[in-house]
Amino acid sequence: MWEMAEFQEVLKQSTLHPKPAGLVLQYGTAGFRTNAKQLDHIMFRMGMLATLRSKKTQATIGVMVTASHNPEEDNGVKLIDPMGEMVTPTWEGYSSQLANAEQDDLVSAMKDIIQKEAIDMSQEANVFVGKDTRSSSAALSKAVLDGISALGGHSKDYGLVTTPQLHYMVCCQNTRGKYGKATVEGYYSKLCQAFIQLTKNASNRTDDQKHLCVDGANGIGALKVREMELHLQKELQISLFNDGSKGKLNYQCGADFVKVQQKPPTGIEVNTGERCCSFDGDADRIVYYYTNSEGRFRLLDGDKIATLISTFLKELLTEAGLNLKIAVVQTAYANGSSTQYLENTMKVIVRCTKTGVKHLHHAAQEFDVAVYFEANGHGTVLFSQAAEEKIRQLAEDTNSNDMKKRAALLLQNTINVVNQTVGDAISDMLLIEAILAVRGMTVQQWDAIYSDLPNRQLKVKVSDRRVIDTTDAERRAVTPAGLQEAIDGLVKKYRQARSFVRPSGTEDVVRVYAEADTQESADALAHEVSVAVYRLAGGVGDEPKPL
């Protein structure tokens with residue numbers, strides 16, 4: 001066991017990263033996130049916690065310094081578990097415990113974790129660290145590295161990488177290279193080779209069809225797309241906008257801006273019918289869009305992406321004659337039209353989970369093949385080991401007929417283009433581009449698969465968001481009494497309507513979602529539900545006004 005002297009040394013080093021007294025931060029769905037000035041002590045302590053997690057799992061752990069789609073002055077940190085997934089919930093709790101311990105209680109907080117998890121402190125520890133392009137990231141990732149060395153852990157600093165790239169590295173390392181090579185070059189060559197193999201199945205693509213406009217949100221994704229371009233061998237020709245050379249990170253650009261504002265980012269000229277996509281700040285989300293012939297902006301969000309991918313996979317599985325269970329995992333925010341199309345037309349299993357990628361990822365693991373996407377564009381595809389094995393056997397089977405063999409090879413390359421550890425804008429972009437090429441589809445044809453029901457999202461300020469409790473994957477409110485009955489009554493007034501409310505994960509507001517057959521109806525329903533929330537759930541300030 002560790003000696004007191006060693007703990008004293010840790011305490012001494014931690015004074016170089018002092019915690020502002022009384023500051024309390026919680027490890028949320030995406031780790032810690034706040035103004036960068038408040039994060040130095042958090043980073044040091046997360047370096048320590050990752051070292052403890054590595055000793056516990058006897059595997060490499062990742063620490064990513066990023067605040068994704070938040071404004072430039074913010075920063076944050078998240079931990080990555082051995083298979084490249086998000087850190088397990090118990091350890092999210094430990095993160096908050098260690099982060100919020102006052103300076104004098106740091107050692108006892110750490111000992112508490114060591115004891116609860118029965119950690120052998122003599123066990124070796126390995127931690128991979130990555131950072132985004134924020135000006136604060138260099139100093140903050142240095143604090144993480146200090147925390148790792150304080151507990152005698154070994155670290156590998158990957159420097160500037162996208163969040164999904166670090167998830168990928170951790171998985172490669174812990175599968176001893178089975179998933180791929182744990183280098184940025186290895187990542188590019190695996191994904192791009194698979195992409196090139198897929199597009200060989202596309203008949204005579206023109207340069208027009210190979211062209212894509214990419215909005216890099218003035219973040220890390222832009223740098224990495226530039227690095228990757230050589231590997232694409234002109235099979236995808238990218239015009240990169242918001243590459244970080246002059247604009248501010250996530251400011252009036254990026255996936256979040258485009259999705260929420262329903263308009264193209266600043267700094268990008270969207271020509272009629274031209275395919276465009278936007279990443280978020282750390283390149284784990286993507287949305288597509290174009291301008292139609294009437295000059296109207298058209299968004300293809302996570303729901304449209306999930307539909308495109310699952311339709312492609314379902315057709316290939318049928319052609320290959322493989323009886324594998326395929327599903328699409330959505331949240332309550334998924335547009336009702338997408339759910340109906342998948343269930344009724346495509347005959348695909350649709351599973352609904354609570355909001356938050358970790359819930360979708362977890363549900364996706366129950367199927368042979370599962371596509372999961374949040375409407376915001378964060379998502380990926382998971383293949384079970386059994387499914388990968390069946391696909392591989394069929395691809396190598398000398399007796400199978402040409403159609404089956406072709407389908408199996410396409411599936412095999414699809415597996416290699418996907419980053420299964422986490423949603424990855426670069427990987428998703430290559431997959432979408434490959435599918436459009438192989439199916440000979442235009443962005444307009446993709447958009448026309450189904451039409452979104454008009455919808456509206458609002459938020460209502462309340463004195464305490466905890467008064468709202470939900471069930472059925474957040475689709476029904478259990479408390480306060482009478483609220484769900486009120487919503488049900490309001491929904492009945494409109495055609496093709498539904499509405500749900502859920503407490504925000506970060507602030508005292510209740511989020512309201514409504515959809516109906518017309519925009520006027522969706523707006524009216526959202527407003528009426530907001531008033532019901534205001535009256536029954538302790539609204540603050542003025543009663544919501546009609547839109």
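The values are calculated or read from the model by the stated rules, or taken from the named source; none is laboratory data. Model, not experiment: these values are computed from the prediction. Reconstructed Cβ throughout: ideal geometry from the backbone, glycine too, with neighbour counts over all protein chains shown. Surface accessibility is based on the protein's heavy atoms, side chains included, excluding ligands, DNA and RNA. Shrake-Rupley method; radii C 1.70, N 1.55, O 1.52, S 1.80 Å.
Which of the residues belonging to segment 124-136 are in contact with a Lys or Arg (Cβ under 9 Å, 6 or more places away or on another chain) and surrounded by fewer than 22 Cβ atoms within 10 Å (Cβ to Cβ)?
Once the filter is applied, which keeps residues that are in contact with a Lys or Arg (Cβ under 9 Å, 6 or more places away or on another chain) and surrounded by fewer than 22 Cβ atoms within 10 Å (Cβ to Cβ), segment 124-136 yields Glu124, Asn126, Ser136.
Would you confirm whether any residue within segment 336-356 is under 15 Å from the mean Cα position of the chain (by Cα), open to solvent by 20 Å² or more (accessible area, probe 1.4 Å) and of a type outside the set (Lys, Arg)?
yes
Find all pairs meeting these conditions: Cβ atoms under 7 angstrom apart; at least six residues apart or on different chains; first residue within segment 43-72 and of a type in the set (Phe, Trp, Tyr); second residue in a loop (DSSP other than H, G, I, E, B).
Phe44/His17
Could you tell me whether any residue of segment 243-257 is touching a residue at least 24 places away in the same chain (Cβ under 8 Å), over 30 Å from Pro454 (Cβ atoms) and touching a strand residue (DSSP E or B) at 6+ places or on another chain (Cβ under 8 Å)?
no
Within segment 404-490, which strands (runs of 3 or more DSSP E) (wholly inside it) include 2 or more residues that are open to solvent by 30 Å² or more (accessible area, probe 1.4 Å) and charged (D, E, K, R)?
455-461
Can you name the residue in segment 102-119 that is modelled with pLDDT of 95 or more and in a loop (DSSP other than H, G, I, E, B) and is also most open to solvent (accessible area, probe 1.4 Å) among such residues?
Ala118
Does any residue in segment 350-362 that is closer than 18 Å to Met83 by Cβ come within less than 9 Å, Cβ to Cβ, of a residue that is among the charged types (D, E, K, R) and open to solvent by less than 30 Å² (accessible area, probe 1.4 Å) six or more places away or on a different chain, and which pairs are these?
That search, which allows pairs on different chains as well, returns Val357/Asp284; Val357/Glu374; Leu360/Glu374.
Grab the strands (runs of 3 or more DSSP E) fully contained in segment 273-386, keeping just those with 2 or more residues being closer than 25 Å to Pro89 by Cα.
Result: 326-331, 349-353, 369-373, 379-383.
Okay, residues lined up against (1) modelled with pLDDT under 90; (2) farther than 19 Å from Ser135 by Cβ; (3) outside any helix (DSSP H, G or I):
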{"position": "Leu16", "(1), (2), (3)": "no, yes, yes"}
{"position": "Ala21", "(1), (2), (3)": "yes, yes, yes"}
{"position": "Met43", "(1), (2), (3)": "no, no, no"}
{"position": "Leu49", "(1), (2), (3)": "no, yes, no"}
{"position": "Arg53", "(1), (2), (3)": "no, yes, no"}
{"position": "Lys56", "(1), (2), (3)": "no, yes, no"}
{"position": "Ile61", "(1), (2), (3)": "no, yes, yes"}
{"position": "Met64", "(1), (2), (3)": "no, no, yes"}
{"position": "Pro82", "(1), (2), (3)": "no, yes, yes"}
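Open to solvent by 50 Å² or more (accessible area, probe 1.4 Å), in contact (Cβ under 8 Å) with a residue 12 or more places away in the chain and within 32 Å of the chain's Cα centre (by Cα), is that true of Arg511?
yes
From the residues in segment 23-41 that are in a helix (DSSP H, G or I) and of a type in the set (D, E, K, R), which one is most open to solvent (accessible area, probe 1.4 Å)?
Lys37
Taking Gly244 as the residue in question, decide whether it is under 25 Å from Tyr168 (Cβ atoms) and in contact with a helix residue (DSSP H, G or I) (Cβ under 8 Å, 6 or more places away or on another chain).
Against the criterion (under 25 Å from Tyr168 (Cβ atoms) and in contact with a helix residue (DSSP H, G or I) (Cβ under 8 Å, 6 or more places away or on another chain)), Gly244 qualifies.
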